[in-house]
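Notes for the one structure printed next.
The values are calculated or read from the model by the stated rules, or taken from the named source; none is laboratory data. These numbers come from a predicted model, not from an experiment. Note that we place each Cβ from the backbone using ideal geometry, even for glycine, and neighbour counts take in every protein chain shown. What goes into the accessible areas is simple: the full protein's heavy atoms, side chains included, and nothing from ligands, DNA or RNA. Shrake-Rupley method; radii C 1.70, N 1.55, O 1.52, S 1.80 Å.
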Amino acid sequence: MAVSSEAHERRSAVARTAGALYLSFILASFLADQIGRIGLSNEDALADLIATAEMRFRVGLVFALVSQLLFLLAAWALQVLLRPFGRNLAQLFLVLNAVGVAVYAASLVVLTVGVADAPAGATLVAIELHGNGVVAAQLFFSTWLVPLGVLLLRSRLVPRALAYLVLLDAVAVAFWFLQALLVPDRPELSYPAFAISFLAEAGLSLWLLVRGAPEPAPR
């Protein structure tokens, strides 16, 4: 019984760590957008900020890069937590998340052209390349949610409704990916997808942080 209790405490600690990292990722992403206009802000707002408030942009860039590190660490903690319920699926979602983070981080590095005394035209090209990289990363950020949602259902770590919401989030992010590539002049089409993503990811992170892992069912 003591061994079982210790194992549950370790599992709860990993769950709360995953929740804290995921919530920190969400907060860092929000600050990157609010401070540096890196995220959901439009390209014109980002170009204007780079031209008029370079230090503010640099701070936002730091938050954006840190957010990606936190996202990868959150995926790693979730992989440790869910590996007993499907090793291959856990490894799959970690790899997909890591590739998405790499693509997104590369798009952030491109933005440093804007603070390297480059011509205005080069800055605008860098911003457009950054936007394309962010869109490309969504392919991996949508697909990693599928094995994650399946393992959440298997593990009963969270309520089934929340696990299904994570799977719906995969569809929402994929929709945003397609909308941004196929009809980029209609961003309003993805507004419902953004709401689904926020509910799913904030809900998952808060649940794990507050509740940890459930007690094992009695034999």
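Tell me, yes or no, whether the stretch 179-192 has at least one residue that is on the phi < 0 side of the Ramachandran plot, among the charged types (D, E, K, R), surrounded by fewer than 17 Cβ atoms within 10 Å (Cβ to Cβ) and outside any helix (DSSP H, G or I).
Among the residues of the stretch 179-192, at least one is on the phi < 0 side of the Ramachandran plot, among the charged types (D, E, K, R), surrounded by fewer than 17 Cβ atoms within 10 Å (Cβ to Cβ) and outside any helix (DSSP H, G or I), which makes the answer yes.
Please go through (1) at negative phi; (2) crowded, with 18+ Cβ neighbours inside 10 Å; (3) free of Cβ contacts under 8 Å to residues at least 60 places away in the same chain; (4) not acidic (Asp, Glu) for residue 87 and return the number of the only condition it doesn't satisfy.
(2)
Across the stretch 197-219, what is the total count of residues that are surrounded by 19 or more Cβ atoms within 10 Å (Cβ to Cβ) and at pLDDT 90 or above?
6
I need a count of the residues in the stretch 9-63 that are within 19 Å of residue 104 (Cα to Cα) and basic (Lys, Arg).
Total meeting the criteria: 2.
Residue check: is residue 29 hydroxyl-bearing (Ser, Thr, Tyr), in a helix (DSSP H, G or I) and under 20 Å from the mean Cα position of the chain (by Cα)?
It is true that residue 29 is hydroxyl-bearing (Ser, Thr, Tyr), in a helix (DSSP H, G or I) and under 20 Å from the mean Cα position of the chain (by Cα).
Being in contact with a Leu (Cβ under 8 Å, 6 or more places away or on another chain) and open to solvent by 20 Å² or more (accessible area, probe 1.4 Å) is the filter; apply it to the stretch 46-60 and report the residue that is modelled with the highest pLDDT.
Per the criteria, the residue is 56.
Residue 111 - would you say it is modelled with pLDDT of 95 or more and of a type outside the set (D, E, K, R)?
For residue 111, the condition - modelled with pLDDT of 95 or more and of a type outside the set (D, E, K, R) - is not met.
Listed residues 107, 12, 5; which is more than 24 Å from residue 177 (Cβ to Cβ) and in contact (Cβ under 8 Å) with a residue 12 or more places away in the chain?
12
If residue 158 satisfies every condition in (1) in a helix (DSSP H, G or I); (2) touching a residue at least 12 places away in the same chain (Cβ under 8 Å) but one, which is the exception?
(1)
Out of curiosity, is residue 165 within 15 Å of residue 203 (Cα to Cα), crowded, with 17+ Cβ neighbours inside 10 Å and either touching a residue at least 60 places away in the same chain (Cβ under 8 Å) or hydroxyl-bearing (Ser, Thr, Tyr) (or both)?
no
Here are the criteria: (1) more than 19 Å from the chain's Cα centre (by Cα); (2) at pLDDT below 95. Tell me which single one residue 190 does not satisfy.
For residue 190, the exception is condition (1).
Of the residues in the stretch 19-45, how many are open to solvent by 30 Å² or more (accessible area, probe 1.4 Å) and modelled with pLDDT of 90 or more?
Total satisfying the criteria: 12.
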